[in-house]
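One structure is given below, encoded as structure tokens.
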Amino acid sequence: MKVALSLFTFLITILLCSFRQSAPDPDINAKTKTLFIYNFTKYVEWPESMKTGSFVIGIYGDYPNLLAELQNMASTKTAGSQKITIIQYSSVETIVPCHLIYVNEDKAGELPGIIKKLGDYPTLVVTDAEGSAKKGACINFYYEASKQRMEVNPETIRKRDLKISGQLLSLAKVVQ
């Protein structure tokens, strides 16, 4: 009887935990975002003038796991024929034009300043904060049903002189 009660308690605990919405594991979350970011290099087209030299990915905000994953990815992958370089920015003032910039959730309030700093430069602005795709970001990550999702603002992408593939759009929630 005691064993049956213990087994029943164990099974109920497992069942209840499987329904809990917990924060994603930081390592898995960083790996997932790195995979998305790398694939953006394949499914977004930059102007011809941006297809020489290094492909620069910037990261703004404190996200050491993502920085490490991006650096690891950059050591083995390329964006087309371009070597990938990762730069971490410490402030809006230090941001220089790049191909792609990831803005962490803790820096989302600075998005207007970041966009102003980038000007008309064809930078894919990727964020991680609710509503950012409607505030000037090109792509925003969010979670739904414990899965990483993305929303895309095609108009913002067009204004930044970038072209996004229909395949990528079909995987995203489109916002204006």
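The values are calculated or read from the model by the stated rules, or taken from the named source; none is laboratory data. Quantities reported herein were computed from a predicted structural model and do not represent experimental measurements. Cβ sites come from the backbone with ideal geometry, for glycine too, and all protein chains shown count toward neighbours. Note: areas computed on protein heavy atoms with side chains; ligands, DNA, RNA excluded. Shrake-Rupley method; radii C 1.70, N 1.55, O 1.52, S 1.80 Å.
In table form, for the structure just shown:
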{"quantity": "In region 119-176, the residues that are over 15 Å from the mean Cα position of the chain (by Cα), within 22 Å of Lys42 (Cα to Cα) and among the polar types (S, T, N, Q)", "calculated": "Thr156, Ser165, Gln167, Ser170"}
{"quantity": "Residue within region 83-91 that is within 21 Å of Leu168 (Cβ to Cβ) and open to solvent by less than 10 Å² (accessible area, probe 1.4 Å) present", "calculated": "yes"}
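Yes/no matrix, rows are residues, columns are (1) within 15 Å of Phe36 (Cβ to Cβ); (2) of a type outside the set (A, V, I, L, M); (3) at pLDDT 95 or above; (4) not in a loop (DSSP other than H, G, I, E, B):
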residue	(1), (2), (3), (4)
Lys83	no, yes, yes, yes
Glu93	no, yes, yes, yes
Pro97	no, yes, no, no
Ile101	yes, no, yes, yes
Gly113	no, yes, yes, yes
Lys116	no, yes, yes, yes
Asp120	no, yes, no, no
Ala137	yes, no, yes, no
